[in-house]
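Student: This is the structure I have questions about; it appears just below.
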Amino acid sequence: MAGRMTAPHLTRTPADGVAPPGATPGLALAAGRPSRTAVAVTAVVVTRGRTAYLPATLDALAAQGHAPDDVVVVDVDAAPSTAAHADLSLGGHRYVGASGSRTLGDAVDHALAVGALGDAGWIWVLHDDSAPAPDALGHLLRAVEHSAAVAVAGPKQVRWDLDADGTPVVPDRSRPGVLLEVGFTVSPLGRRMTGIDDSEIDQGQHDANEDVLAVGLAGALVRRSVWEQLRGTDPEAGRYGDGLDLSRRARLAGHRVVVVPAALVHHAQASLRGLRGARRGAGLDASAYARRRSQLYARLVGVPLPLVPVAMVAMLVWAPFAAAYRLALKRPARARDEILAPVVTVLRVVPLVRGRRRAAATRTRPRRVLRPLRASWRRVAAERRDARLTRAEAHRVRRGPTDLERAELRRLARRRRTALTLVVVPVLLLTAATFAPWQGVLADGGRIVGGALLPAPGSLGDAFAAATSGWVRDALSTGAPADPLLTLLTALGALTGSVQQGVDLLVLGALPLAALAGWFGAGVVTRSVWARAAAALVWTASPAFLASLASGRVGAVVAHLALPWVLVATVRAVGTQARDGVGPARPRTGSLGAAAAAGLLLAVAVSGAPALLPVAVLACAGVLVVARRSWRRLLLVLVPAVVVGLPFWWHVTATWADGGWRAVLAEPGVPLPSAAPDGLTLLLGQPAPPQAWPTGTLPDPLAAAGGAGPWLLGGLVLVLAAAALPGRRTAAVRGGFLLAILGLVVALTAAGTAVASGAAPDGSAAVVHGWPGAGLSVLLLGLGCAALAATPRPGRHPARRVAVGLVAALALAVPAGGLAVWWAQSVTPAGVGALTADADHAVPAVGRQLQAPPRSARVLQLDRVDDVVEYAVLHADGSSLLDSSVVVRARDAGLAPGPARPDVDALDALVAQVAAGRSPDLADRLAALGVGAVQVPADGDADLVTSLDLVPGLHRVTEEGVLLWRVGDADPGTGWATVLDAADADPATPAVVLASDGRRVSTDVGPGAPDRTVVLAESAGQGWRASLDGRRLAALDVDGRQAFELGAAGGHLVVEHAAASRPPWLALTALVLVVFTLLALPVGRRRTR
């Protein structure tokens, strides 16, 4: 069709006899009847190079019953030099190069500009991937001939199917296609609505549509005069908003927009569905950003001018919520688009102003004329409900189990529930027998302490500050990263009301939580019920776990409880979990939500035992060898653990060569020395040389077996894991042994590494080595995976059934016996191992009153043991877990580098003088360090009590139990922050005590002496900031304490520790936790098994 053709179709002119623009006047047929005019139609096919769809589209044009007068192919991907040639052709059609055209409207405008459309009165706009049916143009022309008001007529669009290789299939007109649109409208917020389900078949159900708000431009017939009047489409509307833009402006200019259901166009939607370009295969995500931009831009163009700022603000405010919704649906790319699209749209002010002017220039009707054509909120809700029901039904039909499969799944679920009940109920009974005597004490406000477990008094604000400030309140405090465990305990305290209550609940629920973790962890390796029950008991009876629990090593307990869940989520993220053998096998796919859950769970485990992060990195690297396609999800697993503990890991990395790595192996809390185990002891799961099982009055041959009792569990697991090696080495077996090797290496390294100094049971100084509990948990996890992967099936042979039954009985009996022996050996009237429930206060009421705001003074606890005076600076009711730091302990032991501690030297000298009682100014020196009281524990050294009674300025307050002496007079007293007349003022001069909470000052101060100085009872260090009415104050160092030049002026004083890196780290942590939590939510997921 190289030459111009005469369209065989005629159209009527308006009643006034005036032919519409672009029509060729014809002959009047009779008086009083409208004249008929010939119509010139040019088909404009816009393509991006020579695509797979273009030949089929041109063939469809050639097959039209009412052929267009001319066909022009506009190539937006042509070389710039091609545009200079006006005589090019493609397949016998006019070819126009339109390099640089951003949208379909730009391409048509370019064709008009070069005169390629001649004097055609109508433009038939086609994409290269939209093939019209043979009678499509005829139906469109018959629709526009009935009304000269029609400016845009759109066809019914159905899906153009493609072969597996992307080649378009020749449409079969005898079979109904899948509907795409029959015109469309928009919601009140501008979201496109077609009223058609994703897989709805064309059965003529929408053929009654005629006047619509808008039509897609693929296959649309547009009056040329209207196109030129409207100046085409708005380039800023983009390729997915041009149809709405042109249709809406045409209606506001007084024209009609209709859809012609009889005119059929097969549309592949290649750009929309990501079938071409750099993002080929990305699906609808490839066009999500552009579609969202078009929608938001159309909203800003369509609202009245006074509402534009309101719409902009609303878009920006709503963006995070929309992104959160997309994340919950496991679509992070869409979430990114929901954030970027509003920001970019709002920032592009010039195109917005240009677009609004373009719309206002041709508008002759008020905006309210579009209201009947827009969708109501009721229609929006109904359409979303119908779409949700349709998707659910499609999922049920496609992936839902049959009735037989459903019955089998119910039977398996009953067996699993029964087995889980038989495991959990005995463990709950064991928990009740173990901790029931403590319930009264805990209900009265008591707390669980002992061993390595310190109390955790204080508010959630105190816990959050301790976990994030980078300032450890040890002695007079020092700069150091907090233990990662504090972050987890703070989150736990937010759920339970306080950190102490969270720790108590963690200890009380440790045994049943371990059983549940073992059960579900085994479920991703095997579906055997008895094997999962045995795994639950083995995980609960793990010697390392029970020893950690009895000794108060909360970090190792947390790691043990979290590791099976990390395994569950990671295996599901890769898609290799064991499944019930019911129904046909389904393709295995990984899960983004499971990867996010694995990341959060790994962060929990690493918070308890930082040594698990290197293990996780190496384990993920090993998994990548067999699951390369899952590398993104595996990397995702590591992110939260790194970000949440970033200050800790930054410090460890920066001081690695000088011994900073030792903090990775240390256990939070009191440093407890333990007997050094050998390699075989660790391989069999024991963290220290065990105590033989009690044998009572058994005969000697049987009593000798009691010595072997502690080794039975570890030996059984090791033998079962070794039995998996000769068989088929599945991924679970190989991965299990990789974990076992990594766990054993960590346990050996921890047991042989000095991490702190502590006190032996006899009171002598001792070197504290790392606790191998976390490494042994990884070792047990790996060996357990290997053993479970080779779980034998009973089969039908009697001998095999008997053998499997014996293995199952042994696997159930050994851990049950281990739990019984642990209960007999560890549970006593005094407590559980080293743990006790204590309701007594470590500091008397007067001391706690001094520690509370607004004074926030410290209490100095003294005692003499073996002629050595021991002291502790108490900020709360006893030594606190919030003030503990493995980094500070390693520094104090000389195992890691750190800043000089003049505060510790000053306290050592001061305590020695207080114990001797020889200096007359001791009370003033104590007050200068923020010490408001001195106490001696109950049954403390009597000579020390006598010496304190003789110290001038110390006034005894209590006479029994814990003995306490107030420092100085009650007024002005002692406080954490004081104001001196000068930095070198006499310590005996009364100071003004500022109200504070022990971490921050925010109060009003009046005018005073010109050399006034604010002095804190804190070591001088980086990060302290002070301001008076917003004006920064100069920092000073007063005898090693932090101070600031206050001056004579009064105002509002703020003093706080604010590390420069803290705000960005907290923001990053919050962002990561929110994103991963939303991704981990079980939303939009349907499980059939």
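Student: How many of the residues making up the stretch 198-251 are among the basic types (Lys, Arg) and part of a loop (DSSP other than H, G, I, E, B)?
Tutor: So the answer is 2.
Student: Among the residues of the stretch 310-345, count how many are closer than 30 Å to Gln229 by Cβ and free of Cβ contacts under 8 Å to residues at least 40 places away in the same chain.
Tutor: Of the residues in that region, 2 qualify.
Student: Return the residue satisfying two criteria in turn: it lies in the stretch 1060-1077 and is within 23 Å of Gly593 (Cα to Cα) and among the small types (Gly, Ala, Ser), and of such residues it is farthest from the chain's Cα centre (by Cα).
Tutor: Out of the qualifying residues, it is Ala1067.
Student: What is the residue count in the stretch 365-381 for residues that are part of a helix (DSSP H, G or I) and under 18 Å from Gly183 (Cβ atoms)?
Tutor: Counting residues in the stretch 365-381 that are part of a helix (DSSP H, G or I) and under 18 Å from Gly183 (Cβ atoms) gives 7.
Conditions (1) within 13 Å of His267 (Cβ to Cβ); (2) in contact with a Lys or Arg (Cβ under 8 Å, 6 or more places away or on another chain); (3) loosely packed, with under 13 Cβ neighbours inside 10 Å, marked per residue:
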{"residue": "Asp165", "(1), (2), (3)": "no, no, yes"}
{"residue": "Pro171", "(1), (2), (3)": "yes, no, no"}
{"residue": "Ser174", "(1), (2), (3)": "no, no, yes"}
{"residue": "Glu181", "(1), (2), (3)": "yes, yes, no"}
{"residue": "Ser187", "(1), (2), (3)": "no, yes, no"}
{"residue": "Gly190", "(1), (2), (3)": "no, yes, no"}
{"residue": "Thr194", "(1), (2), (3)": "yes, no, no"}
{"residue": "Gly219", "(1), (2), (3)": "yes, no, no"}
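Student: Here is a follow-up. Any residue in the stretch 804-817 that is of a type outside the set (A, V, I, L, M, F, W, C) and at pLDDT below 90?
Tutor: The answer is yes; a qualifying residue exists.
Student: A further question on this structure: Looking at the stretch 985-1038 only, could you name the residues that are part of a loop (DSSP other than H, G, I, E, B), surrounded by fewer than 18 Cβ atoms within 10 Å (Cβ to Cβ) and not small (Gly, Ala, Ser)?
Tutor: If the condition is that a residue be part of a loop (DSSP other than H, G, I, E, B), surrounded by fewer than 18 Cβ atoms within 10 Å (Cβ to Cβ) and not small (Gly, Ala, Ser), then Asp986, Pro987, Thr989, Pro990, Asp997, Pro1007, Pro1010, Asp1011, Gln1022, Asp1029 are the ones that fit.
Student: Test Ala361 against the stated conditions and say whether it is closer than 30 Å to Ala597 by Cβ and either of a type in the set (Lys, Arg) or surrounded by 12 or more Cβ atoms within 10 Å (Cβ to Cβ) (or both).
Tutor: No; evaluated as a whole, the condition is false for this residue.
Student: For the structure I just gave you, tell me whether Arg384 is loosely packed, with under 15 Cβ neighbours inside 10 Å, part of a helix (DSSP H, G or I) and not assigned by TED's automatic domain parsing to the domain that holds Pro815.
Tutor: The answer is yes for Arg384.
Student: Ser469 - would you say it is farther than 17 Å from Pro668 by Cα and touching a His at 6+ places or on another chain (Cβ under 7 Å)?
Tutor: yes
Student: Quick check on this structure: which one of Val1083, Val993 is hydrophobic (A, V, I, L, M, F, W, C), at negative phi and in contact with a helix residue (DSSP H, G or I) (Cβ under 6 Å, 6 or more places away or on another chain)?
Tutor: None of the other options fit; the residue is Val1083.
Student: Continuing with this model, one more query. Would you be able to tell me the number of residues in the stretch 459-478 that are more than 24 Å from the chain's Cα centre (by Cα) and surrounded by fewer than 20 Cβ atoms within 10 Å (Cβ to Cβ)?
Tutor: Selection size over the stretch 459-478: 1.
Student: Further question on the same structure: In the stretch 892-939, how many residues are part of a loop (DSSP other than H, G, I, E, B) and within 47 Å of the chain's Cα centre (by Cα)?
Tutor: 12
Student: Something else about it: Here are some residues: Ala1049, Ala985, Ala1043, Ala1026. Which one is within 25 Å of Ser919 (Cβ to Cβ), touching a Leu at 6+ places or on another chain (Cβ under 7 Å) and of a type in the set (Gly, Ala, Ser)?
Tutor: Going through Ala1049, Ala985, Ala1043, Ala1026 in turn, the sole match is Ala1043.
Student: Would you mention how many residues in the stretch 717-775 are touching a Pro at 6+ places or on another chain (Cβ under 7 Å), more than 18 Å from Gly685 (Cβ to Cβ) and part of a loop (DSSP other than H, G, I, E, B)?
Tutor: Number satisfying all stated conditions: 1.
Student: Condition check: farther than 22 Å from Leu819 by Cα and outside the structural domain of Ala515 (by TED's automatic domain parsing). Does Arg447 satisfy that?
Tutor: In short, no.
Student: Here is a follow-up. Does the stretch 92-109 contain any residue that is surrounded by 21 or more Cβ atoms within 10 Å (Cβ to Cβ) and of a type in the set (S, T, N, Q)?
Tutor: yes
Student: Something else about it: Quick one: is Pro351 touching a Pro at 6+ places or on another chain (Cβ under 8 Å), of a type outside the set (D, E, K, R) and surrounded by 14 or more Cβ atoms within 10 Å (Cβ to Cβ)?
Tutor: yes
Student: Among the residues of the stretch 163-197, write down those that are within 19 Å of Leu61 (Cα to Cα) and of a type in the set (A, V, I, L, M, F, W, C).
Tutor: Residues satisfying the conditions are Val169, Val170.
Student: Okay, next question. Can you tell me which of Val859, Val802, Val807 is assigned by TED's automatic domain parsing to the domain that holds Val904 and not polar (S, T, N, Q)?
Tutor: Val859
Student: To continue, here is another question. Might you check whether a residue that is within 47 Å of the chain's Cα centre (by Cα), surrounded by fewer than 21 Cβ atoms within 10 Å (Cβ to Cβ) and under 26 Å from Asp207 (Cβ atoms) occurs anywhere in the stretch 137-159?
Tutor: yes
Student: Hey, another quick one. Can you find, within the stretch 908-942, the residue that is surrounded by the most Cβ atoms within 10 Å (Cβ to Cβ) among those that are touching a Lys or Arg at 6+ places or on another chain (Cβ under 7 Å) and not hydrophobic (A, V, I, L, M, F, W, C)?
Tutor: Of everything passing the filter in the stretch 908-942, Gly930 is surrounded by the most Cβ atoms within 10 Å (Cβ to Cβ).
Student: Please list, ordered by first then second residue, the pairs with beta carbon atoms under 8 Å, 6 or more apart or interchain, first in the stretch 361-373 and closer than 15 Å to Val212 by Cα, second among the hydrophobic types (A, V, I, L, M, F, W, C) and outside any helix (DSSP H, G or I).
Tutor: Going by the 8 Å Cβ cut-off, the qualifying pairs are Leu370/Leu213; Leu373/Val212; Leu373/Leu213.
Student: Going residue by residue through the stretch 969-984, is there one that turns out to be within 38 Å of the chain's Cα centre (by Cα), in contact (Cβ under 8 Å) with a residue 12 or more places away in the chain and either outside the structural domain of Gln849 (by TED's automatic domain parsing) or part of a helix (DSSP H, G or I) (or both)?
Tutor: no
Student: Looking at (1) within 25 Å of the chain's Cα centre (by Cα); (2) surrounded by 13 or more Cβ atoms within 10 Å (Cβ to Cβ); (3) not hydrophobic (A, V, I, L, M, F, W, C), which one does Pro455 not meet, given that it meets all the others?
Tutor: Here Pro455 meets the rest and fails (1).
Student: Given Arg291, Arg299, Arg249, which one is buried (at least 18 other Cβ atoms within 10 Å of the Cβ), outside the structural domain of Asn209 (by TED's automatic domain parsing) and more than 28 Å from Asp163 (Cβ to Cβ)?
Tutor: Arg299
The values are calculated or read from the model by the stated rules, or taken from the named source; none is laboratory data. As the structure is a prediction and not an experimental result, all values here were calculated from the model. For neighbour counting, all protein chains shown are included, and Cβ atoms are generated from backbone atoms with ideal geometry for every residue, glycine included.
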